[in-house]
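Notes for the one structure printed next.
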2 protein chains.
Amino acid sequence: MLSKKTRYAFRALSYLAENYGKGPILISDISVKKKIPLKFLENILNELKKVDLLESKKGKGGGYYLKVSPKKINLATVIRVINGPIALLPCVSLNFYERCEDCDEKHCGIRKIMTITRDATLKILEKKTLHDIIFASF
Amino acid sequence: MLSKKTRYAFRALSYLAENYGKGPILISDISVKKKIPLKFLENILNELKKVDLLESKKGKGGGYYLKVSPKKINLATVIRVINGPIALLPCVSLNFYERCEDCDEKHCGIRKIMTITRDATLKILEKKTLHDIIFASF
DNA sequence: ATAATATCCTACCAATTTGGTAGGGAAATT
DNA sequence: AATTTCCCTACCAAATTGGTAGGATATTAT
Ligand code: FES
Ligand code: FES
């Protein structure tokens, strides 16, 4: 399951997506509107900034805003940044690969099935974007 | 990601599947062959027994064995028992449903996409069985 | 300048989950 | 009655999760 933090990230991002092009949005504004603990949200938005999904501005008139269009930010990217691997096993992860101890990858049946599962999941999560989140909600 | 415990469960089950029909297998045998900590494995097998995937026999000649054919035990079932929900959000889980606070299910775009993802995942994990694990490994 | 505004950074914290271990009890077999 | 094997309860350390606190830093307005 996705962590609470990741769910917060999606809620915050969808709010920013709804306000795309309207300039910087205050953390405190997002916090109140989306009911996310302020200081926790601060941290989340900062992480999203560090991977270039968001841009920020300090001082009066400042805040956070999407760096690119909501149509260009897919869900897989967000999950990887905040939640971590999408694959069900480390030996199957594209972005967080780790070898399985005591298991031979060449002849591992579990791995093969989890690879198929990963591909099916990614096919959806890499195609769906923040834009889809907003417009799936009407 | 699946827990280490779940990976142990799959390794143990695939060993039991390979030996299906050959009578009870010792925990200690599985532990050594599949390199799983003995006491931890004890616990795992017992949980699988409680949901009727395994049967056990005590005393000499005893051990654990699959209660039904490897073709009838799918991966989704195993994951749910040992790892928990398969869906990425509680509001989308079929077997572990929980309402999302501060989120209206009717108009939630995230939920809709996660439902699609869940269905794609389940389509695979409910179809693939222990038998497939064994025969995908050759 | 300097005050005000707002993000950024570091450190800490409690509760829960994960990945075990220890020790003995209960049932079946010899 | 001894041996074998699973079963049950309790405990434990380390990691992760979901935060909070307090101030440093950058920008803007006066
Ligand atoms: S190689 Fe990763 S589970 Fe076998
Ligand atoms: S209802 Fe579960 S995320 Fe919106």
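Computed quantities for the displayed model
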read-out	value
Kirkwood Rh in Å, taken over the stretch B:1-77 so that all alpha-carbon pairs contribute	12.4 Å
Exposure rule at most 15 other beta-carbon atoms within 10 Å, DSSP loop GluC sites (Glu not before Pro): chain B longest free segment	B:1-97
Net dipole in debye of chain B [+1 Lys, Arg Cβ; -1 Asp, Glu Cβ; about Cα centre; nearest 20]	620 debye
Stokes-Einstein diffusion coefficient of the stretch A:70-135, Kirkwood radius over Cα pairs, 37 °C, 0.692 mPa s, in µm²/s	255 µm²/s
Label 7 Å beyond Cα on the Cβ vector: B:E47 copy-to-copy distances, nm	2.5
Spread of Cα-to-Cα distances over 5 Å intervals beginning at zero, given as percent, for the protein assembly as shown	1, 5, 12, 15, 15, 13, 10, 9, 7, 6, 4, 2, 1, 0, 0, 0
Residue closest to axis [chain A; rotation mapping onto B; Cβ; Å]	A:A120, 2
Label-to-label distance, nm, for residues given as B:N43 and B:L26 (7 Å Cα→Cβ offset)	2.3 nm
Trypsin sites (Lys or Arg not before Pro), loop per DSSP, at most 14 other Cβ atoms within 10 Å - longest free stretch of chain B	B:61-98
Theoretical ellipticity at 222 nm over chain A - DSSP helices of four or more residues, -39500 (n - 2.57) apiece, nearest 500	-14500 deg cm²/dmol
Sum of side-chain charges, A:P37 neighbourhood, beta-carbon under 11 Å (Lys, Arg +1; Asp, Glu -1)	+4
B:D119-A:E126 FRET efficiency (beta carbon distance; Förster radius 22 Å; 0.05 resolution)	0.85
Average beta-carbon neighbours from other chains, 10 Å sphere, peptide B:89-100	1
Nm distances between copies for B:G84, ranked from closest, using label points 7 Å along Cα→Cβ	1.2
Using alpha carbons only: equivalent-ellipsoid semi-axes of chain A, gyration tensor based, whole Å	33, 15, 12
Label 7 Å beyond Cα on the Cβ vector: A:Y20 copy-to-copy distances, nm	4.9
Accessible area (Å², per residue) of chain A, counting only protein heavy atoms and a probe of 1.4 Å	52 Å²
Local net charge near B:I110, Cβ-Cβ under 9 Å (Lys/Arg +1, Asp/Glu -1)	+4
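The values are calculated or read from the model by the stated rules, or taken from the named source; none is laboratory data. Computed from a predicted structure; not experimentally measured. So basically every Cβ, Gly included, is an ideal-geometry build from the backbone, and we count neighbours across all protein chains shown. Surface areas here come from the heavy atoms of the whole protein model, side chains and all, with no ligands, DNA or RNA. Shrake-Rupley method; radii C 1.70, N 1.55, O 1.52, S 1.80 Å.
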